[in-house]
Amino acid sequence: MLEKAEASLLAHRALEAAKADETEVLLVSRRTEYVRFADGLPTQDGSVEEFDLAIRVRTEGREGKASAGSTEEGAVRAAAQRALASARARPPDPDLLPLPGAATYVPKNDFAEDTAAHSFPAKAAAIATAAEVARERNLRASGRFLTEAVSSTIVNSRGCAAHHASTRASFAVTALSEDSEGWCEVTHHDVARLDPRAVAARAAEKGALGRVPRDLPPRRIRVVLEPPAVANLLFFAATQAFGARSVEEGASFLVGRFGERVLDPRITIEDDLFHPLHIGAPFDGEGMPARRVSLVEGGIARGVVHDRASAARHGTTSTGHSLPQPNEAGPLPTHLVLGSGDKTVEEMVRASKEAVLVSRIHYANLIDPRTLTVTGMTRSGTFCVRDGALAYPIRNLRFTESLVQALGRVVAIGGRRELAQAFFGGDFVVPALSVEDFAFTSSTTF
Amino acid sequence: MEPRELAACGLDEARARGASYAEVRVVRSEAQNLGVRNGAIATLESPASEGFSVRVLREGAWGFAASPRSTREAVVGAAGRAVAAADALSRLRGERRIELAPNPPQVARWEGPCGRDPFGVSLEEKLDLLRRCDAGLRTRPEVVAASCTMSFLREHSWYANSEGAFLEQRFVRSGAGLLARAAGHGDVQTRSYPMSFGGQFVQGGYEAVEALDLPAHVKRTRDEAVALLEAPPCPAGVRDLILGSSQVALQLHESCGHPCELDRVLGAEVDLAGGSFLTPDKLGRFRYGSDLVTIVADSVSPGGLATFGFDHEGVPAGRWPLVEKGMLTGYLTNRETARAIGEDASRGAARAHGWASFPIIRMVNISLEPGTWDLDALVASTEDGILCDTVKSWSIDQMRLNFQFTTEVGWEIKGGKIGRLLKNPTYQGTTPEFWASCDAIASRRHFVLWGIPQCGKGNPMQIAEVSHGAAPARFRGIRFVGP
């Protein structure tokens, strides 16, 4: 990973290589080290260094972009030339905004030296621990240990200059028996905050509890969704509802409903990079400072995230949620936080006469953007709750449910939040949720 | 350093540090992505990438390192890191060492087809085509978003291993597509041409874009998106299902391609993507589908996105059945998994995304052998059914059994005649029962090799480009999920 001085020097060199009216350089450098394992044995690994240097130029009101996976002078010069050639090939764009100037950024401290320096022998030791913990319960451990250091640098010809370095450590364990699967993943910017034995023990507990699953006929029933399951549902709200473009194009359930109650009054959703569990740079893909944005407050629709272009169309200011420009997706919330309640998962179970406890959701996908109707499978521990206790493990179920409607039938919200990833990517800080009448629509054989 | 020199240097260093096997891949790529959305040029970018990876075996464990710096210092460093990683991890493997199926080393060059070089076609010409289509899609007020895209990729790679292989391969990939999103009546509906995921992609040049004749399909794409707003939802119930060829392609991808990946079958992907119900004890014995169902894997089909001379372990391209007359007969393998199940050689399905990724088992081109039916006759012989086309939503469990798919569009079939348009047709099934219900497949005249450039797998995620050949097919007694 490039240090600040070197990254800044390389970015400014690239800025000078492009002879244009306006130029922006976004340089991301990344060092990733990971080990995957199955049945306690390492199966894949990698020590990978990567650069992405993107040059965006404007000349005579036309914009072009090119990128190089290298910081070498020849590659950068070639990228600058391709960007200029692209700009010259297109007609002027009257809607083009000038690039932003210098800004002040709120610092975010999410770089840990011990994560950046984490070694393969240390990863091997964690995997050995996970295998041992699983073996003690007659389970097999699979998973992945990943550490990563990323630096992002953005500079432009109007004086914008920002740099941020962060780290990420993630340890995931799947504990398998012949007829069950338990899973746990913990992600933090500081590897010292990961306890491999605790991660493995949590996965093994679920794996052991899940043995000899029974069938539960699919139907509407109360559900207790653990945080990883909640993250997988919230992913679709992030990509389909809380960005300005979704509202402009009529696809968001928030269209025409700002200021109205749209979800249960206990539901509050924000985008907040500065939540201590989130990881990332305090600026967006066009160099604007990231801001905390209230999306739903007490169940009432409050707003969406903007980039500079959408903000200009709506007569407001950027919230610092631009992806690297230009892009087709529009601004997106990439650090969602779901407000916490005051219950533990155990209390949610105790308060349920009949329910299904879902540990994790697999391969969910969107059917209808306006209602956020999503279908997906349960995974890694699904349990029948009877009379306030886990009664028995059940075979996995498919759900087909509107997230908008489900978040209007909330029974309880968890008090503890965790950082969880969605199947299709993205980080979410979320608690557990209990929801009434969740629609399970079919089942599978394991 | 030039690729041959870089590779030699990496192999020498790896061997000197104690690797029992080593390979170096060098990849240079250049892409061009163009998109016009709602009258504006939303995407106009030219990414380029160059880098290399070193993969080694030491004491029966893999080590892998990659770098974008094509220097002696970088390749020596990467070889050292790869060996050190393998060394650290070998202690976990103990006596359970990774072994590779034999693969005679070859020295060869391979190049894919390319008629009109897409990078030689002016940006003006490409943007003009996209802008015309975008304008045409937005001529009805209900269309709130139009997106017209093109994408081109040129890749040049070199592969060398410590067994003596040296391979050089080049290909060009081209593709384009249209999308119209309409809003009204409290609903949002989308139509794509010629399929979702950005359109149709093939290994080839700009002639592939010209063959799509995008302007000729603007009106229908736009009008169907608008018509869906007022169409009734597809009702729940059990009916016969006719799938358009691009939806059969998705069905092949999710319910045959992925579960036939032998790394999944053997548990190497269980941490994220999952496992497979097609366990080795089923090979040659398991009825996967009806007698009509023969599914072939190949890396040789002209135009296929997974067509190559050699995979990323240097194994030559080939063609083999995964399912023959309904019975499971094969897997997608690499050298490690082929050895693990006692096969003589890998089928050649090891592929890595770019230069920075560890090669894993990826689908090659997975195709359903066409049948004998004319599509009109297929519809005419269906009493009560729904014709569904174009992927909208897809979800399948981690063993690849229970799936639920929604298509962009459906047409009711009553008494052998196409009837009203239906929105959000959603069908649900279980893989072997679904394929067992296949009672008719359209003929080669209706067969299309669909290219999908974004199949995700691995952890960290890798993207692979794959193709699926399919003709429309009928499935009896399928459960439709209502609104």
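Of note:
- When the Cα atoms of the stretch B:51-118 are aligned to their principal axes, the ranges along those axes come out at 53, 31, 20 Å in descending order.
- Length gained on full extension, B:Asp384 to B:Glu343: 10.2 nm, using 0.36 nm per residue less the C-alpha separation.
- When +1 charges are put on Lys and Arg Cβ atoms and -1 charges on Asp and Glu Cβ atoms, the dipole computed for chain B relative to its Cα centre reaches about 420 debye.
- Around the Cα centre of the stretch B:237-481, unit charges on the Cβ atoms of Lys, Arg, Asp and Glu (plus for the first two, minus for the last two) sum to a dipole of about 320 debye.
- Helix A:4-17 axis, angle to chain A major axis (alpha carbon atoms, nearest 10°): 50 degrees
- Working note: Karplus 6.51/-1.76/1.60 with θ = phi - 60° gives the stretch B:398-413 the couplings 6, 9, 6, 10, 7, 10, 9, 10, 10, 9, 5, 8, x, 10, 5, 10 Hz, where Gly and Pro are set to x.
- Three-way shape call for the stretch A:321-396 based on the alpha-carbon gyration tensor, with the a/c threshold at 1.5: prolate
- Kirkwood's formula applied to the C-alpha pairs of the stretch A:91-135 gives a hydrodynamic radius of 16.0 angstrom.
- Taking each residue as 0.36 nm, the span from A:Lys19 to A:Asp179 lengthens on full extension beyond its C-alpha to C-alpha distance by 51.3 nm.
- Per-residue HN-Hα couplings for the stretch B:25-39 [Karplus 6.51, -1.76, 1.60; θ = phi - 60°; Hz; x = Gly/Pro]: 10, 10, 10, 10, 9, 9, 10, 9, 10, 10, x, 10, 10, 6, x
- Sparse-neighbour loop sites [trypsin sites (Lys or Arg not before Pro); the stretch A:343-403; at most 10 other C-beta within 10 Å; DSSP]: A:Lys353
- Computed E for A:Arg193/A:Ala103 - FRET, C-beta separation, R0 35 angstrom, nearest 0.05: 0.70
- Taking Cβ atoms as reference points and 11 Å as the exclusive limit, the residues near B:Ala183 contribute a net charge of -2, counting Lys and Arg as +1 and Asp and Glu as -1.
- The stretch B:385-483: C-alpha pair distances exceeding 22 Å, %: 38 percent
- When accessible surface is computed with a 1.4 Å probe, chains B and A are found to bury approximately 6400 Å² between them, both chains counted.
- Amide hydrogen neighbours beyond the local backbone of A:Leu295, cut-off 5 Å, H modeled: A:Ile269, A:Glu270, A:Asp271
- Overall, the stretch B:3-230 carries a charge dipole of about 420 debye about its Cα centre when +1 sits on the Cβ of Lys and Arg and -1 on the Cβ of Asp and Glu, all other atoms neutral.
- Estimated purely from DSSP H runs of n ≥ 4, each contributing -39500 (n - 2.57), the mean residue ellipticity at 222 nm for chain B is -6000 deg cm²/dmol once divided by its residues.
- Near-label residues of the stretch A:113-151 by backbone N, under 13 Å of a point 7 Å along Cα→Cβ of B:Arg97: none
- Annotation: average projected area of chain B is 22.4 square nanometres, based on the convex hull of Cα atoms across all directions.
- Order of exposure, largest accessible area first, which applies to B:Glu433, A:Glu72 with probe 1.4 Å: B:Glu433, A:Glu72
- B:Asp291-B:Ala40 FRET efficiency (beta carbon distance; Förster radius 56 Å; 0.05 resolution): 0.60
- Dipole of chain A computed with +1 at Lys/Arg Cβ and -1 at Asp/Glu Cβ about the Cα centre; of A:Gly101, A:Gly339, A:Gly287, farthest Cα towards the positive end is A:Gly339.
- Along each principal axis, Cα extent of the protein assembly as shown, largest first, Å: 68, 67, 62
- Under a 5 Å amide H cut-off, with hydrogens placed 1.01 Å from N, A:Thr441 pairs with A:Arg398, A:Phe399, A:Thr400 among residues at least 5 apart or on other chains.
- Angle of helix A:227-240 to the longest C-alpha principal axis of chain A, folded into 0 to 90 degrees and rounded to 10: 40°.
- Charge context of A:Ile394, other residues only, Cβ under 10 angstrom, K/R +1, D/E -1: +1
- Spherically averaged projected area in nm², based on the convex hull that wraps the Cα atoms of chain A: 21.4 nm²
- Normalised by 2.2 N^0.38 Å, where N is the number of residues, the C-alpha radius of gyration of the stretch A:213-446 stands at 1.01.
- Taking every DSSP helix (H) stretch of at least 4 residues in chain A, weighting each as -39,500 (n - 2.57) and dividing the sum by the residue count yields a mean residue ellipticity at 222 nm of -6500 deg cm²/dmol.
- Scanning chain B for long hydrophobic helices, with DSSP H runs required to stretch 18 angstrom or more by C-alpha along their axis and to average at least 0.0 on the Kyte-Doolittle scale, returns B:72-93.
- Using a probe of 1.4 Å, the accessible surface attributed to B:Leu153 totals some 30 Å² when neighbouring protein chains are kept in position.
- Placed amide H near A:Thr43: partners under 5 Å, 5+ positions off or other chain: A:Arg36, A:Phe37, A:Ala38
- The longest part of chain B holding none of the exposed loop trypsin sites (Lys or Arg not before Pro), meaning those outside H, G, I, E and B in DSSP with at most 12 other Cβ atoms within 10 Å, is B:286-483.
- Separation of the stretch B:114-188 from the stretch A:162-224 is 39 Å, based on Cα centroids.
- Kirkwood Rh, Cα atoms: Rg over Rh of the stretch A:146-296: 1.05
- With θ taken as phi - 60° and the Karplus curve 6.51 cos²θ - 1.76 cosθ + 1.60 applied, the whole-hertz 3J(HN,Hα) list for the stretch B:177-183 is x, 10, 8, 10, 10, 10, 10 Hz, x standing for glycine and proline.
- Selection of GluC sites (Glu not before Pro), the stretch A:154-242, meeting DSSP coil and at most 11 other Cβ within 10 Å: A:Glu178
- Taken over the stretch B:237-481, lysine pairs spaced eight or more positions apart, or on distinct chains, with alpha carbons under 25 Å apart number 7.
- Applying the Kirkwood pairwise sum to the alpha-carbon positions of the stretch B:237-481 produces a hydrodynamic radius of 18.1 angstrom.
- Rg/Rg_ref, the stretch B:3-230, where Rg_ref = 2.2 N^0.38 Å and atoms are Cα: 1.39
- As an equivalent ellipsoid, the stretch A:4-205 spans semi-axes of 45, 17, 15 angstrom, where each value is the square root of five times an eigenvalue of the C-alpha gyration tensor, largest first.
- Under the Debye formula (equal points on every Cα, no solvent term), log10 I(q)/I(0) of the stretch A:332-446 at q = 0.20 Å⁻¹: -1.32
The values are calculated or read from the model by the stated rules, or taken from the named source; none is laboratory data. All values reported here derive from a predicted model rather than from experimental measurement. For neighbour counting, all protein chains shown are included, and Cβ atoms are generated from backbone atoms with ideal geometry for every residue, glycine included. These area figures cover heavy atoms from the full protein model, side chains too; ligands, DNA and RNA do not enter into them. Shrake-Rupley method; radii C 1.70, N 1.55, O 1.52, S 1.80 Å.
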